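Notes to accompany the following structure.
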Amino acid sequence: MRGTSAALKPPADAVKPVRHPDAPAPGELLGAHYGECFGCGGEQPHGLHLESRAGDGVSITAEFTVQPAHQGAPGLAHGGVLATALDETLGSLNWLLRTIAVTGRLETDFVRPVPVGTVLYLEAEVTAVAGRKIYSCATGRIGGPDGLVAVRADALFIEVKVDHFIDNGRPEEIRAAMDDPDQVRRARAFEVNP
């Protein structure tokens, strides 16, 4: 797949991404950007509880185990859940850029079924930046980090200001996140969302 859509092809003037000097070190666990996030939050009982680690450059690895609550067809992960895992992984890349961004476009290629109980191993990287646009790709494998490709995606994220979340989110959640005394957790709560 890799950027077959014209919207996912970086323009000629796009630049190579640069890891922010304050980004987590390679191998460091990124943690949830928001406790209530369906993708990575620990406070979501049926969420993915996806765990991401910083990689080299502007890349991350992540994994999650498909639970019975994530089924579509009997015994298999729902395609929307797999797309969510890819989106969450791709969105986590923005923490390495220290950029607040939202998903603008996500194109997913479902290669093979992912059974319940399977660990999905994800790798993602930012491939280019052009102004406010961030181009990324991800691959999900089963059977280990070097296993068979099950899903892959290309994405376009758009850099936004924190006002995007304040103006569009539910006031009680916005207030709670803004009042969090932990500055890192407060900043990460508004890291990525559609």
Which residue pairs have Cβ atoms closer than 9 Å, lie 6 or more positions apart in sequence or on different chains, and pair a first residue in the range 101-119 that is over 12 Å from G79 (Cα atoms) with a second residue that is assigned to a strand (DSSP E or B) and among the aromatic types (F, W, Y)? A101/F157; V102/F157; T103/F157; G104/F157; R105/F157; V119/F64
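What number of residues within the range 101-134 satisfy the criterion of being buried (at least 22 other Cβ atoms within 10 Å of the Cβ) and either under 29 Å from H20 (Cβ atoms) or at pLDDT below 95 (or both)? Talk me through it step by step, then tell me what you get.
At the first step, the residues of the range 101-134 found to be buried (at least 22 other Cβ atoms within 10 Å of the Cβ) are 101, 114, 120, 122, 124, 126, 134.
Add one more test, that the residue is either under 29 Å from H20 (Cβ atoms) or at pLDDT below 95 (or both), and what stays is 101, 120, 122, 124, 126, 134.
Selection size over the range 101-134: 6.
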R2: passes all of (1) open to solvent by less than 80 Å² (accessible area, probe 1.4 Å); (2) modelled with pLDDT under 95; (3) part of a loop (DSSP other than H, G, I, E, B); (4) not β-branched (V, I, T) but (1)
For G35, state whether it is in a loop (DSSP other than H, G, I, E, B), small (G, A, S) and in contact with a Gly (Cβ under 8 Å, 6 or more places away or on another chain). yes
Positions within the range 38-68 being in contact (Cβ under 8 Å) with a residue 24 or more places away in the chain, open to solvent by 20 Å² or more (accessible area, probe 1.4 Å) and more than 20 Å from T118 (Cα to Cα), in sequence order: D56, G57, S59
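The values are calculated or read from the model by the stated rules, or taken from the named source; none is laboratory data. Keep in mind that what you see is a predicted model, and the values were worked out from it rather than measured. We place every Cβ from the backbone using ideal geometry, glycine too, and count neighbours over all the protein chains shown. The protein model used for the area step is the full one, side chains on, heavy atoms only, and it has no ligands, DNA or RNA in it. Shrake-Rupley method; radii C 1.70, N 1.55, O 1.52, S 1.80 Å.
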